[in-house]
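> Sharing a structure with you now.
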Amino acid sequence: MKIVDAKVVLTSPGRNFVTLKVETDEGVSGLGDATLNGRELAVASYLRDHVVPLLLGTDPHRIEDTWQSLYRGAYWRRGPVTMAAIAAVDVALWDIKAKVAGLPLYQLLGGASRDRVRTYGHASGRDVPQLFDSIRARLAEGYPAIRVQTGVPGLKRVYGVQQDAAPSGDGVRPVVEDWDTDAYLRSLPRVFDAVRQEFGPDLVLLHDAHHRLTPIQAARLGKDLEPYDLFWLEDCTPAENQDGLRLVRRHTTTPLAIGEVFNTVFDYQTLVSEQLIDYVRSAVTHFGGVSPLRKLFDFAAQHQIKSAIHGPEDISPVGMAAAIHLDLAIHNFGIQEYAGHTEQTGAVFPHAYTFTDGYLHPGEAAGIGVELEEELAAAYPYAPAYLPINRLQDGTVHDW
Ligand code: CS2
Ligand code: MG
């Protein structure tokens, strides 16, 4: 079997997605997600201009050899653009291999270790009443676990909180959000106290600090949230400084989740080997694909750390499907983030995976179980869109 064509499809059914479609001389094709939110064209060019020419004529069954050739052959290693491009190739080749085998991908990863995949959904509110309504909506959809994000007194626009008014600006340049760490640290424990009063002690709750705290601030927040028994506090501090998590770990028993912006195992070296975190968050799409992510989960398992694959709306159904196959197969599964997608996205990417009463299943279709409706995809042209940036009250740029 040989690869005879590979194309990069940009589409924007509600938001931008980058998809790689690999075609073989036996008529079997495979899909991979290469979406990097805010930098999509960089990955599209990396694939079109540098990777696709190297794939033509190669054997799609040689997944590991192709992966190693793309990783080592580039000389310039790691990074979100490189690893998203390699991820798309890796997943497309696993899709082809599983289709040829006539099996759903999870069967090639060791078969099912569970019957279904537990998820968590997103609830948010500018204030507590609005937050409660959002939590109730996620509970009505069956989510067994809920991430809580809220506004911060005195701030206009905060990560993870839907706003009524459209953001100001030209709709292309990054929206500017404002931030005040002290106001956030003062208000968040009060929010979780109100949530526990309203919804009781058993509801599984998570929170994403989104990289905004120093290690000692993260330690303080982790300790202040202990009475509210969170499933995890996510991205409590920018974790390029892996050593910083030692300080956080010394002060709090609140479980920690980190890694959605990490793209190789080396980003986790200290965090995992010293058990400084409890969940690894990388997505198939950003971590180089199924092949390296399953290796990361095996490394994490040696240190009693579990998976928690990143699953916001900017991971396409292709990347989500690959994640769910891994979720079903690995032993040290923790939880799967599932923000869901728009109806238009589901129409562009018809898929076999199902979401029922808060749990996902990849389905039994051969391959990863996702198709790409190319004509419909073309009806949603790519439109430049940036992630917001964050500024402190004095105008200093801060982590978003
Ligand atoms: C967030 C993401 O889902 C999460 O945990 O951190 O929504 C993140 O903000 C986006 O994926 C960035 O593109
Ligand atoms: Mg996050």
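> Can you tell me which residue in the stretch 265-306 is surrounded by the fewest Cβ atoms within 10 Å (Cβ to Cβ), limited to those that are within 22 Å of L105 (Cβ to Cβ) and hydroxyl-bearing (S, T, Y)?
Checking each candidate, the answer is S291.
> Looking at this structure, is A323 among the hydrophobic types (A, V, I, L, M, F, W, C) and within 16 Å of ligand 2 (Cβ to nearest atom)?
So A323 passes the test.
> Also, quick follow-up: Restricting attention to the stretch 208-239, which residues are within 16 Å of ligand 2 (Cβ to nearest atom), in a loop (DSSP other than H, G, I, E, B) and of a type in the set (D, E, K, R)?
Answer for the stretch 208-239, where residues must be within 16 Å of ligand 2 (Cβ to nearest atom), in a loop (DSSP other than H, G, I, E, B) and of a type in the set (D, E, K, R): R212, D235.
> Which residues, taken from the stretch 22-40, are within 21 Å of A74 (Cα to Cα) and buried (at least 17 other Cβ atoms within 10 Å of the Cβ)?
Scanning the stretch 22-40 gives V22, G32, D33, A34, T35, L36, E40.
> Go through the stretch 46-71 and give me each residue that's open to solvent by 30 Å² or more (accessible area, probe 1.4 Å), under 27 Å from L387 (Cβ atoms) and in contact with a helix residue (DSSP H, G or I) (Cβ under 9 Å, 6 or more places away or on another chain).
Y46, H50
> Restricting to the stretch 248-264, name every residue that is buried (at least 17 other Cβ atoms within 10 Å of the Cβ) and not in a loop (DSSP other than H, G, I, E, B).
V248, R249, L256, A257, I258
> For the stretch 307-319, what are the residues that are within 16 Å of ligand 2 (Cβ to nearest atom), under 16 Å from A85 (Cα atoms) and open to solvent by less than 10 Å² (accessible area, probe 1.4 Å)?
Of everything in the stretch 307-319, those that are within 16 Å of ligand 2 (Cβ to nearest atom), under 16 Å from A85 (Cα atoms) and open to solvent by less than 10 Å² (accessible area, probe 1.4 Å) turn out to be I315, G319.
> Between Q163, Q149, Q130, Q107, which is of a type outside the set (V, I, T) and touching an Asp or Glu at 6+ places or on another chain (Cβ under 8 Å)?
Just one listed residue meets the conditions, Q149.
> For the stretch 240-247, check the following and say yes or no: at least one residue is assigned to a loop (DSSP other than H, G, I, E, B), open to solvent by less than 10 Å² (accessible area, probe 1.4 Å) and either away from ligand 1 (no atom under 13 Å from the Cβ) or not assigned by TED's automatic domain parsing to the domain that holds A87 (or both).
no
> Another question, then. Select from the stretch 22-50 the residues that are polar (S, T, N, Q) and more than 16 Å from ligand 2 (Cβ to nearest atom) and write down the one among them that is farthest from K2 (Cα to Cα).
Per the criteria, the residue is S45.
> Filter the stretch 139-164 for residues that are basic (K, R) and surrounded by fewer than 22 Cβ atoms within 10 Å (Cβ to Cβ); which is farthest from ligand 2 (Cβ to nearest atom)?
This residue is K156.
> Scan the stretch 341-359 and tell me whether some residue there is free of Cβ contacts under 8 Å to residues at least 40 places away in the same chain, under 21 Å from N37 (Cβ atoms) and part of a helix (DSSP H, G or I).
Taking every residue of the stretch 341-359 in turn, at least one turns out to be free of Cβ contacts under 8 Å to residues at least 40 places away in the same chain, under 21 Å from N37 (Cβ atoms) and part of a helix (DSSP H, G or I).
> Which one of these does A88 not meet: (1) in a helix (DSSP H, G or I); (2) exposed (fewer than 15 other Cβ atoms within 10 Å of the Cβ)?
Exception for A88: condition (2).
The values are calculated or read from the model by the stated rules, or taken from the named source; none is laboratory data. Because the structure is a prediction, the values reported are computed rather than measured. Methodologically, a virtual Cβ is constructed for each residue, glycine included, from the backbone with ideal geometry; neighbour enumeration extends over all protein chains shown. The accessibility values were calculated without ligands, DNA or RNA, using every heavy atom of the protein model including side chains. Shrake-Rupley method; radii C 1.70, N 1.55, O 1.52, S 1.80 Å.
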